[in-house]
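The values are calculated or read from the model by the stated rules, or taken from the named source; none is laboratory data. What you see is a predicted model; the values in this text were computed from it and never measured. Note: ideal-geometry Cβ built from the backbone for every residue, glycine included; neighbour counts use all protein chains shown. The area values use the complete protein model at the heavy-atom level, side chains included, leaving out ligands, DNA and RNA. Shrake-Rupley method; radii C 1.70, N 1.55, O 1.52, S 1.80 Å.
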Amino acid sequence: MQEHEDTGLLLQPQLEGQDYGAAAADGTQGPSVSVSRNSPTKRDCLVVAVLCFGNLINFIDWFIVPGILLNIQKYFGLSDGETGLLQTVFTLCYMLAAPIFGYLGDRYNRKIILGAGIFFWSGVTLGSSFITESHYRIFVLSRGLVGIGSASYSTIAPTIIADLFEEGKRTTVLSIFYIFIPVGSGCGYILAAGVAESTGDWHWAFRVTPCMGGLALLLLILLVPHRIQRRTAAHRARSISGTIRREMPDEKPDAHRTAKTTWCQDVGSLVQNCSFVCSSLGLTAMAFVTGALGVWMPLFLYRAQVVLGIVPPCLQESCNSSNSLMFGGITIGTGILGIIAGAEAARRLRKINNKADPLICATSMFISALCLYIALMVAQTNILSTFIFIAFGELFLSVNWAVVTDILLYVVTPRRQSTAIALQILVSHLLGDAGSPYLIGIISNAVQARNVPSLQWSFRSMQYSFVTCAFVGVLGGAFFLLTSFYIEEDREEAQRL
């Protein structure tokens, strides 16, 4: 029987554990990476570097809009509710696409999916820079399409890292990968505000990242192997037998039915995993808070400064973007420190407590909620204190990113990890940051409608809306605390499978 596993076609299923280092049909060695269990190779490090660069660009694109939100709101003449809808549409499309890419990532060539996603979202971002003020709905649609492209990356890239490194090294590498969430987010604010201020036209902010996306695509093509071996020998045996069945023409209908049945079984198994469910709900609370902060905090700080008389109201074409620059810097600094601190705390505390990961997440969520509430209460009297408490709130939120992902990777069996990540993305965004920016905007509109229009109530409406985030942060801490009751049992179960 001829071998066809290294053709590289997206339509050729790629299953867990398959040995992609096998010889190609012509007898030559196909480009592949086998999993090194002892020490990472130079190629492994290059792959991680390329994935981190792509993650950086991914999150820069996420936060270009919040970085110039005041300009966009003024350009299209939007209310707070309509402004929040921009990020909500982006996130909704992102989360709806995530399960599809999770399914594809578990079965097909991941490199091709990643490359297609980068090309798609970069092209749409560039196109959105030419939309005029009379086509607001097209601008909203473009943000949704960017969300679809981004979903391919966030769903699949972590699973490649999981296949390249053992559990001990995986936490460190994932921490490096997830550092680029806050770094990319902060760079999004800084790049958008800086480009808008230097050019006098916020549209140019959408013309920089497509160039970076092109570079990431080129690096992906040149440096990332076409095939990366999945983990575990047991899964490899099942995958090889599945491949033989797919090569038999009369078995194709059964193969499709089997794939559908397997996916349903995977979802059913994940729903019964208490650690996965509770940690995903905790992540949902994190997403709710970070989504609302990411979109509205620069505008909230601007309104607070207007009330305090620090800056004048924006009456010109190009609005003051200093808050976006400062908030971007805070996001980068606290994100790097938080993720490093979280990974190091988890590494040390696991040695003395098997429940360390969820307890770290719970503690950081409670502290973050408190800091955020204090920041909101002092905003009208002392803007410096507001910046300080916002920084601490973001710092403790960032502690959880790598730790939450590592929880998923050791309580879920490897062959279900892409599906698990996709479901976690779906849930966390559906109940989290998909709705929080729009909800904050709607509450702000409602408060303003009940009072006489003024700069004071423009600020207070946003202040009252943000109190919701502090409450959700406490709720997230409770879910992580609940995860600690099940973590040991679910981890042992995943290791047995």
Does segment 449-464 include one or more residues that are within 30 Å of Leu299 (Cα to Cα), of a type in the set (Lys, Arg) and outside any helix (DSSP H, G or I)?
-> yes
Mind telling me which of the residues Ala356, Ala379, Ala391, Ala402 ends up being touching a Ser or Thr at 6+ places or on another chain (Cβ under 8 Å) and surrounded by fewer than 24 Cβ atoms within 10 Å (Cβ to Cβ)?
-> Ala391
Evaluate segment 311-320: report whether one residue or more is touching a Leu at 6+ places or on another chain (Cβ under 7 Å), of a type in the set (S, T, N, Q) and either open to solvent by less than 50 Å² (accessible area, probe 1.4 Å) or within 16 Å of Gln73 (Cα to Cα) (or both).
-> no
Selection from segment 405-443 of residues that are among the hydroxyl-bearing types (Ser, Thr, Tyr), closer than 16 Å to Leu86 by Cα and open to solvent by less than 10 Å² (accessible area, probe 1.4 Å) | Ser436
For segment 241-297, which residues satisfy the criterion of being modelled with pLDDT of 70 or more and not in a helix (DSSP H, G or I)?
-> Gln272, Asn273
Please tell me if Ile148 is of a type outside the set (Lys, Arg), open to solvent by 10 Å² or more (accessible area, probe 1.4 Å) and within 18 Å of Trp202 (Cα to Cα).
-> no
Only one of Ile179, Ile156 is open to solvent by less than 10 Å² (accessible area, probe 1.4 Å) and either of a type in the set (Lys, Arg) or over 23 Å from Gly81 (Cβ atoms) (or both), namely Ile156
Hey, Thr155 out of contact with any Phe, Trp or Tyr (no Cβ under 7 Å at 6 or more places or on another chain) and in a helix (DSSP H, G or I) or not | no
Considering residues of segment 301-342 that are part of a loop (DSSP other than H, G, I, E, B) and within 14 Å of Pro66 (Cβ to Cβ) only, the residue farthest from the chain's Cα centre (by Cα) | Cys319
Among (1) in contact (Cβ under 8 Å) with a residue 60 or more places away in the chain; (2) more than 28 Å from Arg303 (Cβ to Cβ), where does Phe63 come up short?
-> (2)
Go through segment 80-137 and give me each residue that's of a type in the set (Asp, Glu), open to solvent by less than 10 Å² (accessible area, probe 1.4 Å) and within 30 Å of Pro453 (Cβ to Cβ).
-> Asp80
Inter-residue pairs, beta-carbon under 8 Å, first more than 14 Å from Ser368 (Cβ to Cβ) and touching a residue at least 60 places away in the same chain (Cβ under 8 Å) and in segment 380-399, second open to solvent by less than 20 Å² (accessible area, probe 1.4 Å) and assigned to a loop (DSSP other than H, G, I, E, B), 6+ apart = Thr386/Ala379
